[in-house]
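Scroll down for the structure; my scribbles are underneath it.
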Amino acid sequence: MNPAILTAAHRSLAFGTKVKVTNRNNGRSVVVRINDRGPFIRGRVLDLSRAAAQNIGMVSSGTAKVCYQVIS
(Lines give C-alpha, C1' and ligand atoms only; values in the text may rest on other atoms or scores of the structure.)
Protein backbone atom coordinates (compact mmCIF):
# COMPACT_ATOMS: atom_id res chain seq x y z
CA MET A 1 0.00 0.00 0.00
CA ASN A 2 1.46 3.35 -1.06
CA PRO A 3 1.08 5.90 1.78
CA ALA A 4 1.08 8.84 -0.64
CA ILE A 5 -2.04 7.92 -2.64
CA LEU A 6 -5.72 7.67 -1.65
CA THR A 7 -6.11 3.94 -1.03
CA ALA A 8 -7.45 1.60 1.62
CA ALA A 9 -7.52 -2.03 2.70
CA HIS A 10 -10.73 -3.99 3.29
CA ARG A 11 -11.23 -7.69 4.04
CA SER A 12 -13.82 -8.50 1.36
CA LEU A 13 -14.52 -5.61 -1.04
CA ALA A 14 -13.17 -6.21 -4.54
CA PHE A 15 -9.89 -4.59 -5.49
CA GLY A 16 -10.55 -1.38 -7.40
CA THR A 17 -13.78 -0.59 -5.55
CA LYS A 18 -14.18 3.11 -4.77
CA VAL A 19 -15.38 3.94 -1.27
CA LYS A 20 -16.33 7.29 0.26
CA VAL A 21 -15.06 7.41 3.85
CA THR A 22 -16.36 10.07 6.26
CA ASN A 23 -14.85 10.87 9.65
CA ARG A 24 -17.81 10.96 12.06
CA ASN A 25 -16.02 13.37 14.42
CA ASN A 26 -15.48 16.21 11.94
CA GLY A 27 -17.56 15.37 8.84
CA ARG A 28 -14.59 15.38 6.46
CA SER A 29 -14.70 12.86 3.59
CA VAL A 30 -12.34 11.25 1.11
CA VAL A 31 -12.82 8.81 -1.78
CA VAL A 32 -10.37 5.91 -1.72
CA ARG A 33 -9.76 2.87 -3.91
CA ILE A 34 -9.48 -0.58 -2.29
CA ASN A 35 -6.11 -2.08 -3.20
CA ASP A 36 -5.17 -4.30 -0.26
CA ARG A 37 -6.57 -6.80 2.25
CA GLY A 38 -6.99 -6.04 5.93
CA PRO A 39 -7.25 -4.79 8.58
CA PHE A 40 -6.57 -7.83 10.69
CA ILE A 41 -7.36 -6.20 14.04
CA ARG A 42 -10.73 -7.02 15.60
CA GLY A 43 -13.26 -4.19 15.38
CA ARG A 44 -11.60 -2.40 12.47
CA VAL A 45 -13.19 -2.32 9.02
CA LEU A 46 -10.78 -0.24 6.90
CA ASP A 47 -7.09 0.61 6.90
CA LEU A 48 -6.53 3.96 5.18
CA SER A 49 -3.31 5.12 3.56
CA ARG A 50 -1.58 8.02 5.29
CA ALA A 51 -2.70 10.44 2.55
CA ALA A 52 -6.35 9.40 3.00
CA ALA A 53 -6.07 9.65 6.79
CA GLN A 54 -4.63 13.17 6.47
CA ASN A 55 -7.53 14.23 4.24
CA ILE A 56 -10.08 13.35 6.89
CA GLY A 57 -8.04 14.57 9.86
CA MET A 58 -7.21 11.35 11.66
CA VAL A 59 -3.42 11.06 11.41
CA SER A 60 -2.72 12.27 14.94
CA SER A 61 -5.29 9.97 16.55
CA GLY A 62 -4.39 6.93 14.42
CA THR A 63 -7.96 5.63 14.50
CA ALA A 64 -11.38 7.20 14.10
CA LYS A 65 -15.01 6.24 13.88
CA VAL A 66 -15.95 6.50 10.22
CA CYS A 67 -18.89 5.82 7.93
CA TYR A 68 -18.20 4.39 4.50
CA GLN A 69 -20.24 4.07 1.36
CA VAL A 70 -19.38 2.02 -1.72
CA ILE A 71 -19.44 4.27 -4.78
CA SER A 72 -18.45 1.82 -7.52
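The values are calculated or read from the model by the stated rules, or taken from the named source; none is laboratory data. Note that this is a predicted model, so its numbers are computed, not measured. Because the Cβ atoms are built from the backbone with ideal geometry, glycine has one as well, and the counts that use them run over all protein chains shown. Areas reflect the complete protein model, heavy atoms only, side chains present, ligands, DNA and RNA absent. Shrake-Rupley method; radii C 1.70, N 1.55, O 1.52, S 1.80 Å.
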Quiz item: Could you give the dipole magnitude of region 1-68 about its Cα centre, charging the beta-carbon of Lys and Arg +1 and that of Asp and Glu -1, in debye to the nearest 20?
Solution: 180
Quiz prompt | Cα convex hull of region 1-69, projected area averaged across orientations, nm² | solution = 4.1
Practice problem: Would you work out which of Gly62, Gly16, Val45 lies farthest towards the positive end of the dipole of the chain, given +1 charges on the beta-carbon of Lys and Arg and -1 on that of Asp and Glu, about the Cα centre? | Solution: Val45
Exercise. Compute, for Ser12, the solvent-accessible surface of its heavy atoms (probe 1.4 Å) with the complete set of protein chains present, and express it in square angstrom to the nearest 10.
Key: 90
Exercise. With a point put 7 Å past each Cα toward its Cβ, work out how far Ala4 is from Arg28 in nm, to one decimal.
Key: 2.0
